[in-house]
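Below is one structure, written out as structure tokens; the observations come after it.
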Amino acid sequence: MKAIYLIRHGESRQAFEIRETEIPKAGKNEVVIKVKASGLNFADVRQKAGQKGVDAVFDNLGGKAFSRGLKLLAPGGKLITYGAASMNKGEKSGMINTLRVAWGFGFRSPVSLIGKSQSIIGVNMLRIADHHPEILKQCMQEVINLAKQKVIRPSLSQTFPANQIAEAHDFLEQRKSRGKVALLWDNN
């Protein structure tokens, strides 16, 4: 079972952490949030956050999840969107599915964001790599440092030998992974 924990890291930063656990228990500065099989339970997040809302939402699903995440933001909150994983539900995505996800994002006027001092930030790592590789290098180095310090612990879902790259891709496409998928290269 996976649980999403709200944790404090460093002095004043707050972040989410996903941990494997049998029976989720909240520790100091942590709140356990129930997750439905179909995705994050936004009602639980709203209840735990209270009227204030949350300071940041990291959205990799897009579509309706983007709109729901925006509703969770506190005044001054930021929604960081970096994908549209809801477009791929284990099957080949077609034009209708693409339009459904795009429609789920909704149409926004900056006026509503200004009134609440909220921000929407879009991130495309491929664009950053192309136009600002130094930023990507700095971010990757920080992730590596945090992993070495065991502040973050990557979750490995499954490994595949390199000659099974098609199977690894199918595994990802079918959304069977619960963590990273790695290819093992034979060095002989």
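Observations
- P(r), alpha carbons of the range 103-188 - 10 Å bins starting at zero, rounded %: 13, 22, 36, 22, 7, 2, 0
- Placing dummy labels 7 Å off each Cα toward the beta-carbon, the span from LYS137 to ASN60 is 2.5 nm.
- With both labels modelled 7 Å from their Cα along Cα-to-Cβ, the THR98 to LYS148 distance reads 4.3 nm.
No value in this document is a laboratory result; all are computed from the given coordinates. Predicted model only: the values in this text are computed from it and were never measured. Here Cβ is always computed from backbone atoms with ideal geometry, including for glycine, and neighbour counts include all displayed protein chains.
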